[in-house]
Amino acid sequence: MTAPLGWTPAKTNLLDMLPADAEAVLRRFAEQNGERSFRAVQVLQHLWKAPRADFEAMVELPIVFRRLLDEHFEIPRLALAARQLSSDGTEKFLFRLRDGEHIETVAIPDGSRLTLCISSQAGCALQCSFCATGAMGFSRNLRMFEIAGQVRETILLTGRKPTNIVFMGMGEPLMNWKAVDPTLTVLNDDNGFGIGARHITVSTVGVLPGIIALGQRKEQFRLAISVHAPTDALRATMMPINTKYPLADVIEAAKAFDRRVTFEYVMLHGVNDLPEHARQLAELARECKAFVNLIPLHAGGAGDFTAATPQQIAAFARNIRERGVEVAIRKSRGKDIAAACGQLRVERERRRTPVGAN
Ligand code: SAH
């Protein structure tokens, strides 16, 4: 078979490999093209650490070398499909991937902190009853360059580097461990974004093999578990995954995880906010030495739920605290831009006309 006319071999994607591998590839490339090896290091810095939009923008490199790089490698952008700024400073980005899938990233400033909430899958297979992403179904796993790429893009777009990363956007990160594992390296590595492992949180419904794999990483990455109900019977009505990974097993996995675990608990009025639930939840949290995060329900997710009132949430928190468990009520951010999981993409599909698209 002969190659079709005009066919060129696929370019190597420098954003879909670990920094150490990119460095090796770039050093070899520089050497083969008669460039000094520090040129390879300069390119490496512009992948993640001090990102540049393309090779052309790496202005300290000789023009000829930039052109050569462009012929052999790619550093793909994620196309910005929409961008919304909340009155509280929370900013939401909708990115379009090369196959037309859309994913969301949310930047949440808080004093000197900037937390970036990133997606690990396009859509989600889990169908938690209150979640907008679940309602849209699962499309596909994201690749490493699409997950870490969200951080790169927001730095390119805003000029600000996040201090904290949470895997609380679309999808279930521990059902895409193959891509999340190297992404964690890029986030933490000195030649990646250099964000401290304790400032990187993976949130999961309780995918057991993934929790074990995360626990085996030597860095201190944080684990958050979406508990949402203190009994199997109730949890199964909210989270179908509870059949595959029952609460008792998830709790065992949390105990075995030798670093601090956070329980997430979304407050659904009349469903999981009774005093009895607080008592049972506190019991589980004590067993795991977990910290409890109560999340006010973001309206416009899925299902027909009512948010617990701030007073109800405060009473629930008090009940837990009195039992010796640390608890916090998460500040609800970006309400006016529908910043909860999956909401921007849903909103956009309803409206069908691009906002702020470029
Ligand atoms: N699949 C992972 C990570 C994505 S969701 C997980 O479930 O943990 C991140 C968090 O947002 C989860 O705790 C999820 O339950 C919560 N969430 C989803 N929809 C929400 C809504 N409408 N209001 C408040 N929290 C929501």
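Results, tabulated for the structure shown:
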{"quantity": "Options Val227, Val207: the member that is within 15 Å of the ligand (Cβ to nearest atom), closer than 16 Å to Asp181 by Cβ and surrounded by 18 or more Cβ atoms within 10 Å (Cβ to Cβ)", "calculated": "Val207"}
{"quantity": "Members of the stretch 114-165 that are among the small types (Gly, Ala, Ser) and either surrounded by 18 or more Cβ atoms within 10 Å (Cβ to Cβ) or without any contact (Cβ under 8 Å) to a residue 12 or more places away in the chain (or both)", "calculated": "Ser119, Ser120, Ala122, Gly123, Ser129, Ala132, Gly134, Ser139, Ala148, Gly149, Gly159"}
{"quantity": "Residues that are surrounded by 15 or more Cβ atoms within 10 Å (Cβ to Cβ) and out of contact with any strand residue (DSSP E or B) (no Cβ under 8 Å at 6 or more places or on another chain), drawn from the stretch 233-245", "calculated": "Leu234, Arg235, Ala236, Pro240, Ile241, Asn242, Tyr245"}
{"quantity": "Helices (runs of 4 or more DSSP H) within the stretch 1-80 that include 2 or more residues under 21 Å from Ala179 (Cα atoms)", "calculated": "19-32"}
{"quantity": "Test: Ala357 is within 12 Å of the ligand (Cβ to nearest atom), at pLDDT below 95 and farther than 28 Å from Arg259 by Cβ", "calculated": "no"}
{"quantity": "Counted residues, the stretch 167-182 - those being of a type outside the set (Lys, Arg) and more than 15 Å from Thr105 (Cα to Cα)", "calculated": "8"}
{"quantity": "Unique match (being at pLDDT 95 or above and over 30 Å from Lys331 (Cα atoms)) among Pro4, Pro9, Pro76", "calculated": "Pro76"}
{"quantity": "Within the stretch 91-176, strands (runs of 3 or more DSSP E) holding 3 or more residues that are aliphatic (A, V, I, L, M) and within 16 Å of the ligand (Cβ to nearest atom)", "calculated": "102-110"}
{"quantity": "Residues being at pLDDT 95 or above and surrounded by fewer than 17 Cβ atoms within 10 Å (Cβ to Cβ) - total across the stretch 81-93", "calculated": "0"}
{"quantity": "All positions within the stretch 273-300 that are assigned to a helix (DSSP H, G or I) and without any contact (Cβ under 8 Å) to a residue 40 or more places away in the chain", "calculated": "Glu276, Arg286, Glu287, Cys288"}
{"quantity": "From Val59, Val106, Val64, residue being modelled with pLDDT of 95 or more and within 22 Å of the chain's Cα centre (by Cα)", "calculated": "Val106"}
{"quantity": "Pairs where the first residue, in the stretch 42-65, is touching a residue at least 12 places away in the same chain (Cβ under 8 Å) and the second is outside any helix (DSSP H, G or I) and surrounded by fewer than 16 Cβ atoms within 10 Å (Cβ to Cβ), C-beta under 8 Å, 6+ apart", "calculated": "Gln42/Glu60; Lys49/Gly194; Ala53/Arg77; Asp54/Arg77; Phe65/Asn33"}
{"quantity": "Flag if Ile63 is of a type outside the set (Gly, Ala, Ser) and crowded, with 19+ Cβ neighbours inside 10 Å", "calculated": "no"}
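The values are calculated or read from the model by the stated rules, or taken from the named source; none is laboratory data. For clarity, every value in this text was computed on a predicted model and none was experimentally measured. For neighbour counting, all protein chains shown are included, and Cβ atoms are generated from backbone atoms with ideal geometry for every residue, glycine included.
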